[in-house]
Amino acid sequence: MADLMLVMSCLLGQSESIDVTRYAPIFSKHDDHPWDAVYKSFFVRTFTTGETYFHRLSFDAPWNSFQRFSREEEAYSALLQQLDAIDHLPRSEMERATPIRRLVFFRDLWTVFERLESMSSKPRGTELRERIARIMRRLELTDDEIQHLPDTLA
């Protein structure tokens, strides 16, 4: 039930301070899946107080400038490794993943992609955008897949 509530809140766009460890990963049953690692890098923050903030509104990236990746070499390097891990996934885990799964991850990456344009470190922002764009191309749905998506507005 907690998994269903997490998915619904992600789709509905709720955000709050929560204990992220209570919830299963969004894209896989395993915590170490590359899609979830990148998602956490962009949408989860643990503050110095120990409080964890999980931004569930993926339609709007939570951090305006991604200063963390501009200023913290360790965070930037870790993110590059996470993006590389996704880029090297086999077709079975990317292009052949279910259309809805790919669409949700595409949406999450798109919001980050747009915000990275205003990142204070332009070279790093450009590098991240190029890597994310490469991943997004692998996630794109075919016309047939789009036609067969469930009609959730009916």
Within the stretch 77-98, residues being in a helix (DSSP H, G or I) and surrounded by fewer than 18 Cβ atoms within 10 Å (Cβ to Cβ) number 10
Given (1) modelled with pLDDT of 90 or more; (2) closer than 26 Å to residue 29 by Cα, identify the lone condition not met by residue 128.
(2)
Hey, could you check the stretch 28-54 for residues that are surrounded by 18 or more Cβ atoms within 10 Å (Cβ to Cβ) and hydrophobic (A, V, I, L, M, F, W, C) and say which is modelled with the lowest pLDDT?
54
Just give me the residues in the stretch 55-78 being closer than 16 Å to residue 105 by Cα and at pLDDT 60 or above, in sequence order.
55, 56
Given (1) under 17 Å from residue 82 (Cα atoms); (2) in contact (Cβ under 8 Å) with a residue 40 or more places away in the chain, identify the lone condition not met by residue 136.
(2)
Which condition number in (1) under 24 Å from residue 45 (Cα atoms); (2) not in a helix (DSSP H, G or I) is the one that residue 104 fails?
(2)
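The values are calculated or read from the model by the stated rules, or taken from the named source; none is laboratory data. Note that this is a predicted model, so its numbers are computed, not measured. Because the Cβ atoms are built from the backbone with ideal geometry, glycine has one as well, and the counts that use them run over all protein chains shown.
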